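Data first, discussion second: the structure below is written as structure tokens.
The values are calculated or read from the model by the stated rules, or taken from the named source; none is laboratory data. Everything numeric here is computed off the predicted structure, so don't read it as measured data. No Cβ is skipped: glycine too gets one built from the backbone with ideal geometry, and neighbour counts run over all protein chains shown.
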Amino acid sequence: MGVYAQFGGYYRGHYQKVNNGEWLMNRMKVPVQEYKDTAGNFNPIKFDADKWARIAKDAGMKYLVITAKHHDGFALFDTKASDWNIMDATPYKKDIIKALAEACRKQGLRFGIYYSQDQDWGNPGGSTGPRPMRQGWPNPDSARIDAYVQAHGGSWDPVQTTKTFDQYFDDVAYPQMEELMRNYGDIAVIFWDTPNRIKPEQAERLMKMVQRYHPGIITNDRLIRRPQYGDYKTPEKKIPDLAELNGQDWETNMTMNDTWGYRTDDHKWKSTEVLIRQLIDIASKGGNFLLNIGPKPDGTFPQESVDRLKQMGGWMKKYSDAVYGTHANPIDVMDGGASQRRIKMELPPCMLLYSIGLQMVR
């Protein structure tokens, strides 16, 4: 649930050229203060944590993960480390993470957190992920902006470089993660993302801290590029071949349409049949399914997502024995061309909220 959902992929009369919604601030090079000012209109009054959790459970999911902070740095929780958050910057002034954590516990769902630990465009010092203007909109000043971005490590606004990354890590990333680990009850999963400037000693500090609060927590492989941490691999928008997996636990991250964050012009919805076939394919190879939902700025899910989850839930009620508690068949192709059997899952099907966006993990 992020400020970017209000844009719907549209800025200054143009849809963002690269087809996603959550990267709009970066790809369109929106000035930091201009972007932050839009939080004054962000008021997801139709958000219903209990409804979200019920939808997840009825779809056959076993846990839910919400994006507590995406790359724009906007926090959906009550944080003391930055005023760029839903409590201080918006008229809504309610802690989304708290409400959803409580709703998941009521529904018997395990709860997880997505947190952008390295990339942060709204808090000074965070890494900024260089992207050329051609990925955003035809700004007549593109050449100058691209040159500035190249000279400043991806930053397009001077305020982004007023602190170092080390200051950002100590002042924002580490204390926010500690708040999330300390204040929201049992956390089952952490999904890190886009490591760039984080140092080995910083990654080690984070891992020790989260394991101190939650010794049994499961984390993905995106905390830092080297050395590698994490319990599972995260192929994105693809289902890997068995040869790519090297026997590691894994989870495919998949969109329902083409985008992660909400975008008004993305109507390329996968059919329920396609999504179920993807689930079967992933399960047969021993993987987990992280299926994205990008909620609207009012806090509701697009109806297309609701319909597909309901249909998938109906299928799961009939055939869940072929998914839950199963294991990968070591035989690639069985007699008669039958497909592989399923997996034994440490993490059964679930939902992950991608900023105002939900993802479902098997």
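Here are some notes:
- Some residue of the range 85-96 being on the phi > 0 side of the Ramachandran plot and surrounded by fewer than 24 Cβ atoms within 10 Å (Cβ to Cβ): yes
- Filtered by the rule that a residue be closer than 13 Å to Gln176 by Cα and within 16 Å of the chain's Cα centre (by Cα), the range 108-124 gives Ile113, Tyr114, Tyr115, Ser116, Gln117, Asp118, Asp120.
- Checking the stated criteria, Val159 turns out not to satisfy the condition of being of a type in the set (Val, Ile, Thr), modelled with pLDDT of 95 or more and more than 24 Å from Asp78 (Cα to Cα).
- Test: Lys93 is in a loop (DSSP other than H, G, I, E, B), charged (D, E, K, R) and in contact (Cβ under 8 Å) with a residue 12 or more places away in the chain: no
- Any hit, the range 179-186, residues being of a type outside the set (Gly, Ala, Ser), in contact with a Gly (Cβ under 9 Å, 6 or more places away or on another chain), buried (at least 18 other Cβ atoms within 10 Å of the Cβ) and outside any helix (DSSP H, G or I): no
- Screening the candidates Tyr174, Tyr262, Tyr229 for the property of being modelled with pLDDT of 95 or more and part of a loop (DSSP other than H, G, I, E, B) yields one hit, Tyr262.
- Picking from residues in the range 145-169 that are out of contact with any helix residue (DSSP H, G or I) (no Cβ under 7 Å at 6 or more places or on another chain) and outside any helix (DSSP H, G or I), the one that is surrounded by the most Cβ atoms within 10 Å (Cβ to Cβ) is Gly154.
- Only a single item in (1) over 18 Å from Ile217 (Cα atoms); (2) basic (Lys, Arg); (3) more than 18 Å from the chain's Cα centre (by Cα) is not met by Arg105, and it is number (1).
- Helices (runs of 4 or more DSSP H) wholly inside the range 1-89 containing at least 1 residues that are closer than 26 Å to Met312 by Cβ and more than 20 Å from the chain's Cα centre (by Cα): 49-58
- Looking across the range 170-206, just one residue is among the hydrophobic types (A, V, I, L, M, F, W, C), touching a helix residue (DSSP H, G or I) at 6+ places or on another chain (Cβ under 7 Å) and free of Cβ contacts under 8 Å to residues at least 40 places away in the same chain, and that is Met181.
One line per residue, one yes/no per condition, for (1) at pLDDT 95 or above; (2) in contact with a Ser or Thr (Cβ under 7 Å, 6 or more places away or on another chain); (3) farther than 30 Å from Gln167 by Cβ; (4) acidic (Asp, Glu):
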position: Ile96; (1), (2), (3), (4): yes, no, no, no
position: Ala103; (1), (2), (3), (4): yes, no, yes, no
position: Phe111; (1), (2), (3), (4): yes, no, yes, no
position: Tyr114; (1), (2), (3), (4): yes, yes, no, no
position: Gly122; (1), (2), (3), (4): yes, no, no, no
position: Pro132; (1), (2), (3), (4): yes, no, no, no
position: Ser142; (1), (2), (3), (4): yes, no, yes, no
